[in-house]
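Data first, discussion second: the structure below is written as structure tokens.
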Amino acid sequence: MACRKVAVFPSSAELGPALARLVTSRAETAIVSRGRFTLALSGGSLASTLSRELLALPGLDCSRWLVGFCDERLVPVEDPESTYGQYKSMLFSKVNIPESGVLAISPSLPVEECAEDYARKLKEAFPEDGFPVFDLLLLGMGPDGHTCSLFPGHPLLEENQKVVAPIKDSPKPPPQRVTLTLPAVNSARCVAFVSTGESKAPVLKEVLEGRAGPALPAARVVPNNGELLWLVDDAAAASLTIPVERLGFGATL
């Protein structure tokens, strides 16, 4: 069972720097222990927040980072919906991460082939048997409780063999995507959700206080042998009754 921690910040202004410090501290530990830092990213507002805050840190060194994606939309890199495209313009082009250090999908392929191709890339990067073990996964959560491209009631929630799965019928556009499966997500050493804003308050309460059971995808993220962190702001945490850790500016996770 994962060790879960819920950290509540007054606002995203305090949360953002703590997220960046979490990433870099995990990077330092992983590089000392294993010679590299493996990170899987999610898109949406997380991309701009993380990029901005990481670039604000002095002496950021990404030369031994290996970055993949928790899910991706099947759109050209130039499309604003492309998670890789977001990070490429806002972060990767401004740091010293090698080209080989970013594992992106091939969006020109049909969705099934795209998923297989991305799974092959992950297998080459993580040659050990079983699911890839990322040092850190950063996830968001939708108001419906979805995470990655794993949606409530979707058959992909029961996939337990594949590392990467295609999805043709995403309830949220665009419809074609590839996503890490739940077993792949739950193999990570640490999973950190970032959830902010009052629109997330009802579903955050469901996921963290147990009433959702296993129905909501975000509630099914329970790392097998790792940590589960929730970084949320006061607005998202407004309805919570469980014990939380309240942190402010300068906090370290």
_Of the residues Ala119, Ala47, only one is outside any loop (DSSP other than H, G, I, E, B), closer than 23 Å to Leu22 by Cα and not hydroxyl-bearing (Ser, Thr, Tyr); which?_
Ala47
*Kindly provide the set of residues from the range 182-201 that are over 12 Å from the mean Cα position of the chain (by Cα), buried (at least 18 other Cβ atoms within 10 Å of the Cβ) and of a type in the set (Ser, Thr, Tyr), ordered by number.*
Ser187, Thr196
*Residues in the range 22-42 that are surrounded by 21 or more Cβ atoms within 10 Å (Cβ to Cβ) and not aliphatic (A, V, I, L, M): how many?*
3
*asked:* Among (1) more than 27 Å from Gly16 (Cβ to Cβ); (2) in a strand (DSSP E or B), there is one condition Val191 misses while meeting the rest; what is its number?
replied: (1)
*Which condition number in (1) assigned to a loop (DSSP other than H, G, I, E, B); (2) more than 18 Å from Gly68 (Cβ to Cβ); (3) touching a Ser or Thr at 6+ places or on another chain (Cβ under 6 Å) is the one that Ala201 fails?*
(1)
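Residues to consider are Pro127, Pro155, Pro166; find the one that is of a type outside the set (A, V, I, L, M), crowded, with 16+ Cβ neighbours inside 10 Å and farther than 30 Å from Gly16 by Cα. Talk me through it step by step, then tell me what you get.
Details: Pro127 fails: crowded, with 16+ Cβ neighbours inside 10 Å; Pro155 fails: crowded, with 16+ Cβ neighbours inside 10 Å.
Just one listed residue meets the conditions, Pro166.
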*Residue check, Pro127 farther than 27 Å from Ala236 by Cα and in contact with a Pro (Cβ under 7 Å, 6 or more places away or on another chain)*: no
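Can you tell me which residues in the range 136-180 are of a type in the set (Ser, Thr, Tyr) and part of a loop (DSSP other than H, G, I, E, B)? Write out each step before concluding.
Restricting attention to the range 136-180, the residues satisfying the condition of being of a type in the set (Ser, Thr, Tyr) are 147, 149, 170, 179.
Selection gives Ser149, Ser170.
For (1) β-branched (Val, Ile, Thr); (2) closer than 29 Å to Phe151 by Cβ; (3) in a helix (DSSP H, G or I), each residue gets a yes or a no:
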site	(1), (2), (3)
Val6	yes, yes, no
Leu15	no, yes, yes
Leu39	no, yes, no
Ser51	no, yes, yes
Leu57	no, no, no
Val67	yes, yes, no
*With the checklist (1) part of a loop (DSSP other than H, G, I, E, B); (2) at pLDDT 95 or above; (3) more than 18 Å from the chain's Cα centre (by Cα) in hand, flag the one item Val133 doesn't pass.*
(3)
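In the range 222-238, what count of residues is obtained for those that are touching a strand residue (DSSP E or B) at 6+ places or on another chain (Cβ under 6 Å) and either part of a loop (DSSP other than H, G, I, E, B) or among the polar types (S, T, N, Q) (or both)?
Residues of the range 222-238 touching a strand residue (DSSP E or B) at 6+ places or on another chain (Cβ under 6 Å): 223, 226-233, 236-237.
Within this subset, residues satisfying the condition of being either part of a loop (DSSP other than H, G, I, E, B) or among the polar types (S, T, N, Q) (or both) are 223, 226, 236-237.
Qualifying residue count for the region: 4.
Here are some residues: Ser100, Ser93, Ser89. Which one is surrounded by fewer than 19 Cβ atoms within 10 Å (Cβ to Cβ) and either part of a loop (DSSP other than H, G, I, E, B) or under 19 Å from the mean Cα position of the chain (by Cα) (or both)? Before the answer, list the steps.
Details: Ser100 fails: either part of a loop (DSSP other than H, G, I, E, B) or under 19 Å from the mean Cα position of the chain (by Cα) (or both); Ser93 fails: either part of a loop (DSSP other than H, G, I, E, B) or under 19 Å from the mean Cα position of the chain (by Cα) (or both).
Just one listed residue meets the conditions, Ser89.
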*Candidate set: the range 27-76, residues that are under 23 Å from Arg120 (Cα atoms) and charged (D, E, K, R); chosen: the one farthest from the chain's Cα centre (by Cα)*: Arg34
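The values are calculated or read from the model by the stated rules, or taken from the named source; none is laboratory data. Keep in mind it's a predicted model, so treat the numbers as computed, not measured. Cβ: placed from backbone, ideal geometry, glycine included. Neighbour counts: every protein chain shown.
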